[in-house]
Amino acid sequence: MSDRAAASAVAAVNELSRLRWKPQDIAVGAALGVACGLVFWAFDFAYTPVSSLLSAILPGLMSLFHGFWYFSGPLALLILRKPGAAVYVNLVGALAEALIGNRFSVVSILIAALLEGISADIPFAIARYRKFNLPLSIASGAFTALTYGLYLLFFYFQGVAPFSPRGIVHMISEMISGVLVAGVMSWFLYLAIGRTGVLDRLASGRDLPGRKTVDA
């Protein structure tokens with residue numbers, strides 16, 4: 001085997017090792033999923049009165065807060081850095097939320113978790129899971145908001161045309177929430193969690209931005 005072929009083989013093995021799920025990844029993901037499920041459950045109660053108020057002001061404006069259901073995907077990828085991390089954490093969170101009890105059916109919660117998780121994963125997958133930064137977190141949140149916003153528009157909101165005033169306001173609100181809440185908030189939440197030291201055994205903790213400055 002030539003030196004170039006040997007180097008390529010080693011690189012391929014290292015790449016597989018980097019992307020392979022380890023027991024600690026599964027455990028951290030499960031804990032993160034349960035925590036996010038509790039947030040979803042609490043947010044369900046706050047969302048009902050707030051959405052009613054915003055809908056009365058301007059129909060579609062309530063989607064400004066949907067990012068609080070999307071943030072778990074980008075956050076999971078920033079912390080776990082594994083393919084499918086958003087799907088895994090979202091499903092655990094959805095099951096935790098369903099076990100506690102809410103006003104949504106289990107099927108609708110699981111569909112939402114899968115769709116949001118797959119959408120959140122795509123920008124990181126395009127980057128081959130090699131970059132984990134604020135721009136990718138924003139892209140992940142924005143893409144989740146886009147896909148799930150369209151899902152709501154076509155399958156949940158009855159009689160709302162995509163280019164109607166409500167449809168346009170809904171999608172603009174979705175994108176704002178996806179960028180600011182699911183994207184930006186998740187990035188700073190990751191930094192805050194990482195600086196507590198609980199992620200030190202993970203690559204996301206060891207590569208935490210500003211870690212050397214903080215440790216100094």
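The values are calculated or read from the model by the stated rules, or taken from the named source; none is laboratory data. Keep in mind it's a predicted model, so treat the numbers as computed, not measured. A quick note on method: Cβ atoms are made from the backbone with ideal geometry, for glycine too, and the neighbour counts reach across all protein chains shown. Surface accessibility is based on the protein's heavy atoms, side chains included, excluding ligands, DNA and RNA. Shrake-Rupley method; radii C 1.70, N 1.55, O 1.52, S 1.80 Å.
Projected label points at I126 and R103, each 7 Å from Cα along the beta carbon direction, are separated by 3.5 nanometres. Compared with the dominant Cα axis of the chain, that is its longest principal axis, helix 165-177 is turned about 30°. The portion of the accessible surface of segment 131-171 made up by carbon and sulfur, rounded to a whole percent, is 73 (1.4 Å probe; DNA, RNA and ligands excluded).
When the residues T144, T48 are ordered by accessible surface, computed with a 1.4 Å probe over the protein chains alone, the sequence from largest down reads T48, T144.
The slack in the chain from I111 to A56, taken as 0.36 nm per residue of separation less the alpha-carbon distance, amounts to 17.0 nm.
Between the Cα long axis of helix 85-100 and the first principal axis of the chain there is an angle of about 50°, rounded to the nearest 10.
Loop-only check: which trypsin sites (Lys or Arg not before Pro) in segment 96-199 are DSSP coil with at most 16 other Cβ within 10 angstrom?
Numbers: sites: R103, R128, R130, K131, R166, R195; in loops: R103, R128, R130, K131, R195.
Those satisfying the criteria are R103, R128, R130, K131, R195.
Counting only protein heavy atoms and a 1.4 Å probe, the chain has 51 square angstrom of accessible area per residue.
For segment 27-84, which whole-number percentage of the solvent-accessible area (1.4 Å probe, protein heavy atoms only) is attributable to carbon and sulfur atoms? Before the final figure, lay out each step's value.
Details: 1850 of 2150 Å².
Within segment 27-84, the accessible surface is 86 percent carbon and sulfur.
Between segment 50-108 and segment 126-177, the alpha-carbon centres lie 13 Å apart. Put Y70, Y148 in order of accessible area, highest first, and with a 1.4 Å probe you get Y148, Y70.
Of the labelled figures (1) 67, 35, 35; (2) 57, 35, 30; (3) 50, 40, 27, only one reflects Cα extents along the principal axes in Å as derived from the coordinates, namely (1).
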